Amino acid sequence: MNLGVNLPRGLVLKNPIVAASGTFGFGPEYSSYVDVDALGGIAVKGISPDPWPGNPPPRVWETPAGLLNSIGLQNPGVDAFIQEDIPFLNSVKTVVIANIIGHTVDEYRHVAQRLQREPRIDALEVNISCPNIKEGGMSFGSDPDQAFAVMHAVREVTDKPVMVKVSPNVAEPWVIAQSVVAAGADMVSAINTVIGMAIDLKARRPALGGVTGGLSGPALKPIAVRMVYEIARRVGVPVIGMGGIQSAEDVLEFLMAGAKAVMVGTITFQHPTRMVEIIRELPSVLQRYGFASLDEATGAALAGGVAL
């Protein structure tokens, strides 16, 4: 079965399984465990204009059905990424997606402009969950106008395919999705983590150094499937789904909800080879449920929507 996925601006995935940003590092971290070239693509860790130190420890806390993380988007900055990580990525034979972050619109523009000149970067994923320091720390992803402003600034400086990563921590994430599409986004990736918290009973204080963190893992999947479904019904661009995927059946569920491809993250901490296993199992799972192709499955469960 042909598992290839055609996306806007000529972006082609060899299969619909992409390593999610934040869980796969910049690629080398998993390369001794995973055949990176077998993946449909890798989305690297978030990249900012300058180095970000991240949050104080503890930074991760396991939950009964997932993981809370408060990494704080620690990264070495765009210049170090280009100098130290692009050389490895040049050896990778799959799509590379750079996740970009910033505290102001100008910071997003700067990173996008720097990466526009890097041929090894095939696409950008704009993470709008960062706090806008000029607006009192409110997330760009919580306001349609701010989300539009970020995407518009990025579109002005790059002709690469661009997806915007939508936050679930808003009442109607599809409104944000519609706003970034209007600003020039080619795709929407959904969803980012849900804000959560845990208490360390012995220490009698928040378990995470950053107090709150992002919840990922299987507990997130029903929320993510619902939001992918709602966004896919309302936007006319491909949706890349993510959230709690552990199996080929999970992938099919996202496809039927309207996703064109998926990103897989937290499960790789427990099972580094799971993405490759999913790729191998996906054709038989599609056939088991009566689908002859990926396109036939995409959007199959949409009510009043269209499969892209």
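Assorted remarks:
- Remark: TRP61 falls outside the filter, which requires a residue to be more than 30 Å from ARG280 (Cβ to Cβ), without any contact (Cβ under 8 Å) to a residue 60 or more places away in the chain and surrounded by 14 or more Cβ atoms within 10 Å (Cβ to Cβ).
- Among the residues making up the stretch 144-160, a single one is in contact with a Gly (Cβ under 8 Å, 6 or more places away or on another chain) and either more than 18 Å from HIS110 (Cβ to Cβ) or small (Gly, Ala, Ser) (or both): ALA147.
- Filtered residue count, the stretch 1-24, keeping only those that are assigned to a loop (DSSP other than H, G, I, E, B) and in contact with a helix residue (DSSP H, G or I) (Cβ under 9 Å, 6 or more places away or on another chain): 10
- Among (1) within 24 Å of VAL228 (Cβ to Cβ); (2) among the charged types (D, E, K, R); (3) without any contact (Cβ under 8 Å) to a residue 60 or more places away in the chain; (4) crowded, with 21+ Cβ neighbours inside 10 Å - the single one ARG109 does not satisfy: (1)
- Filtered residues of the stretch 108-157 (kept if closer than 22 Å to GLY214 by Cβ and out of contact with any strand residue (DSSP E or B) (no Cβ under 9 Å at 6 or more places or on another chain)): ILE133, GLU135, GLY136, SER142, ASP143, PRO144
The rows are residues; the columns are (1) under 20 Å from LEU13 (Cβ atoms); (2) charged (D, E, K, R).
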position: ASN90; (1), (2): yes, no
position: PRO119; (1), (2): yes, no
position: ASP122; (1), (2): yes, yes
position: PRO131; (1), (2): no, no
position: GLU135; (1), (2): no, yes
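- PRO222 touching a strand residue (DSSP E or B) at 6+ places or on another chain (Cβ under 9 Å), surrounded by fewer than 21 Cβ atoms within 10 Å (Cβ to Cβ) and closer than 18 Å to VAL194 by Cα: no
- The helices (runs of 4 or more DSSP H) located wholly in the stretch 77-174 that include 3 or more residues which are more than 15 Å from SER21 (Cα to Cα), more than 15 Å from the chain's Cα centre (by Cα) and among the charged types (D, E, K, R) occupy 105-116, 144-157.
- Taken over the stretch 147-170, residues that are out of contact with any Lys or Arg (no Cβ under 8 Å at 6 or more places or on another chain) and either under 25 Å from ARG226 (Cα atoms) or surrounded by 23 or more Cβ atoms within 10 Å (Cβ to Cβ) (or both) amount to 12.
Bear in mind these aren't lab numbers, they're just calculated from the coordinates by the rules spelled out. No experiment lies behind these values; they were computed from the predicted model shown. Heads up, the Cβs are rebuilt from the backbone with ideal geometry, glycines too, and the neighbour counts pull from every protein chain shown.
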